[in-house]
Amino acid sequence: MAIGYLLIQSRTAHDAVPLSGVQVRITDMDSNILYELTTDENGETPVIALNTIDKSFSQTPYYNELPFTSYSVLAKNPGFNSLFVSDIPIYDGETAVLPVVLTPMQQTQRQSATQTTTIGKPAVAMRDT
């Protein structure tokens, strides 16, 4: 297996203010927890390494699988609604940067809501084979 990288940047206030202390959980597509991280004062996690597909497969004309591996991220912080992002593609040798914008809970909310976002497949992966 090859290695790709992921950096999460958390923000609030319409992406204007870094949000520290965000709890970030990274899982594979089978929901196995791979990392549990916390964002720093700049609202960022460390860059983490994740297994993926070797980029040589993307250069092989007869390879019919996707040339990346997908992961999911759950970001939570007290007083904010959570965000779950699925199908984040990780490519060999590349660093994916995932911006996570958390919105404050409403005063009338008793518990956090979770917004779900799915990153779709790239256009090249949607071709008919």
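Here are some notes:
- Of all the listed residues (E65, E36), the sole one being without any contact (Cβ under 8 Å) to a residue 24 or more places away in the chain and in a strand (DSSP E or B) is E36.
- Taking the stretch 4-17 as the range and being open to solvent by 60 Å² or more (accessible area, probe 1.4 Å) and either aliphatic (A, V, I, L, M) or modelled with pLDDT of 95 or more (or both) as the test, the residues that pass are Y5, A16, V17.
- Hits in the stretch 68-97 (condition: in a loop (DSSP other than H, G, I, E, B) and either farther than 13 Å from I8 by Cβ or in contact with an Asp or Glu (Cβ under 7 Å, 6 or more places away or on another chain) (or both)): F68, P78, G79, N81, Y91, D92, G93, E94
- Qualifying positions in the stretch 18-45 - among the hydrophobic types (A, V, I, L, M, F, W, C) and modelled with pLDDT of 95 or more: L19, V22, V24, I26, I33, L34, L37
- If the condition is being aromatic (F, W, Y) and either at pLDDT below 95 or in contact with a Cys (Cβ under 6 Å, 6 or more places away or on another chain) (or both), then the stretch 84-107 contributes only Y91.
- Among residues of the stretch 39-54 that are open to solvent by 60 Å² or more (accessible area, probe 1.4 Å), those with a Cβ under 9 angstrom from a residue that is assigned to a strand (DSSP E or B) and of a type in the set (D, E), sequence gap 6+ or separate chain, pair up as N51/D28.
- For the stretch 56-90, the tally of residues that are open to solvent by 50 Å² or more (accessible area, probe 1.4 Å) and more than 20 Å from the chain's Cα centre (by Cα) stands at 10.
- Test: residue in the stretch 46-56 that is modelled with pLDDT of 95 or more and more than 20 Å from M1 (Cβ to Cβ): yes
- Test: residue in the stretch 88-98 that is more than 21 Å from L6 (Cβ to Cβ) and in contact (Cβ under 8 Å) with a residue 24 or more places away in the chain: no
The values are calculated or read from the model by the stated rules, or taken from the named source; none is laboratory data. Model, not experiment: these values are computed from the prediction. All Cβ positions, glycine included, derive from the backbone under ideal geometry; neighbour counts span all protein chains shown. Side chains are part of the model used for accessible areas, which takes the heavy atoms of the whole protein and leaves out ligands, DNA and RNA. Shrake-Rupley method; radii C 1.70, N 1.55, O 1.52, S 1.80 Å.
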